[in-house]
1. Give me the residue from region 199-253 that is closer than 30 Å to G189 by Cβ and of a type in the set (F, W, Y) and, out of that set, nearest to the chain's Cα centre (by Cα).
2. Can you name every residue in region 296-323 that is over 11 Å from the mean Cα position of the chain (by Cα) and within 16 Å of the ligand (Cβ to nearest atom)?
3. Identify, from the list T284, T306, T345, the residue that is among the polar types (S, T, N, Q), open to solvent by 10 Å² or more (accessible area, probe 1.4 Å) and in contact with a Phe, Trp or Tyr (Cβ under 6 Å, 6 or more places away or on another chain).
4. Condition (residue is among the aliphatic types (A, V, I, L, M) and modelled with pLDDT under 95) applied to region 206-224: is it met by at least one residue?
5. Output the strands (runs of 3 or more DSSP E) that fall wholly within region 112-200 and possess 1 or more residues being away from the ligand (no atom under 16 Å from the Cβ) and crowded, with 23+ Cβ neighbours inside 10 Å, or say none.
6. Please enumerate the residues belonging to region 236-278 that are free of Cβ contacts under 8 Å to residues at least 60 places away in the same chain and of a type in the set (S, T, Y).
7. Looking only at residues that are in a loop (DSSP other than H, G, I, E, B) and in contact (Cβ under 8 Å) with a residue 60 or more places away in the chain in region 201-235, which one is least open to solvent (accessible area, probe 1.4 Å)?
Amino acid sequence: MTKQNVVVSDAEAEIMNMAISVAVSNSSIFTAVAEKPPVGPPGYISISRKRFLNLKNLDSINGAERINSWVDSMRASSPTHLKSSSFLKEDQSSWILQHPSALDMFEQIIDASKGKQIVMFMDYDGTLSPIVEDPDRAFMSDAMRKTVKKVARCFPTAIVSGRCRDKVYKFVRLAELYYAGSHGMDIKGPAKGSKYKKGSQGVLCQPASEFLPMIDEVYKLLVEKTKSTPGAKVENNKFCLSVHFRCVDEKKWSELFLQVRSVLKEYPKLRLTQGRKVLEIRPTIKWDKGKALEFLLESLGYANCTNVFPVYIGDDRTDEDAFKILRERGQGFGILVSKIPKETTATYSLQEPAEVMDFLQRLVEWKRQSIRAHSML
Ligand SMILES: O=P(O)(O)OC[C@H]1O[C@H](O[C@H]2O[C@H](CO)[C@@H](O)[C@H](O)[C@H]2O)[C@H](O)[C@@H](O)[C@@H]1O
């Protein structure tokens, strides 16, 4: 076999660039489009990031093959398989050259932010809290909470999560932050304690509110439909839904996918994507974490400013929408949290939530020192 580098684009590398994205049009005939693979760094294998599947054909042999190939690719790219790969170490070093550690690059990052207002955006699961089997027990450590609290005293700070906003708030419990739940479709400003709140304490933005009854309906149907699959868990994230398969036997993944798909084919205004061992269902509106980032920058008064420096830290595929926006704006940068090489538009990397905490502490320390230095002038 020829030795080549491999970029794993999925969060956690459990699913190597093989997200299922079911593009649902208003017609009942869905068109299958194999998306052209994104161009990866030279020497890297880059497999199509999204597969738009023909829902009708999923019942046919061709469709069954597609499901099998999807499940196979999930297995083939699981961490166990990747660890046994002979070229992983080599990939790691080449990838880290392209996405250096934000800790190692701290001084350069600070230099780039000079004279600009840093605005912090952070994802929750896998970024501020470690990934755990039970989504209801993804607690944040007290040390991380204290650190985020200090960050929010220094910079406008937002948590941007796929979760329901109330749920992520229950985990974080810091009233001074902005929260963007449901992948950015439910944004609320700080309740108190933030010098950056701009007087807005209520809900700032809910672009998918008309989908609320539909999401509730689909939630109930999915709970009913998937109850025969041991380990499957449906989570209601208010404007979107998650069907977790972390605790589902691999042999049952295709069955679960078919259950989800059988519900969704009746709801062409919802789309299906895949995250870290989770199928995510959300409205087909043009809104994502990147749009939420832009909305928040605007709310903070930085819409057309050149003196703003947004930093977005995230671990999942949905965070790529925000990384992309930062690249396009040419402002600030994205930091991908990952232990293994993945295809990403983020500039820097951190390995795990513990490193995220180190990075945040260094930021706070730097800010305090610069305030002290200024006050002595
Ligand atoms: O945008 P995020 O804050 O990263 O939310 C994405 C999903 O996070 C949660 O699921 C993930 O974390 C769980 C707890 O560690 C883990 O069990 C699961 O396998 C991961 O996919 C959350 O439960 C989902 O609803 C979010 O969509």
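The values are calculated or read from the model by the stated rules, or taken from the named source; none is laboratory data. Every value quoted in this text rests on a predicted model; they were computed, and no experiment measured them. Every residue, glycine among them, receives a Cβ derived from its backbone with ideal geometry; neighbour counts consider all protein chains shown. Ligands, DNA and RNA are excluded from the accessible area calculation, which covers all protein heavy atoms including side chains. Shrake-Rupley method; radii C 1.70, N 1.55, O 1.52, S 1.80 Å.
1. Residue satisfying both the conditions and the ranking: F239.
2. Of all residues in region 296-323, those over 11 Å from the mean Cα position of the chain (by Cα) come to 296-311.
Passing the criteria: only L296.
3. T345
4. Start the filter on region 206-224 by keeping residues that are among the aliphatic types (A, V, I, L, M), which leaves 208, 212, 214-215, 218, 221-223.
From what is left, the residues that are modelled with pLDDT under 95 are none.
Among the residues of region 206-224, not one is among the aliphatic types (A, V, I, L, M) and modelled with pLDDT under 95, which makes the answer no.
5. 117-122
6. Of everything in region 236-278, just one residue is free of Cβ contacts under 8 Å to residues at least 60 places away in the same chain and of a type in the set (S, T, Y), namely S262.
7. So in region 201-235, the residues in a loop (DSSP other than H, G, I, E, B) come out as 201-202, 206-208, 227-232.
Retained after the next criterion (residues that are in contact (Cβ under 8 Å) with a residue 60 or more places away in the chain): 207-208.
Working: P207: 45, A208: 0 Å².
Out of the qualifying residues, it is A208.
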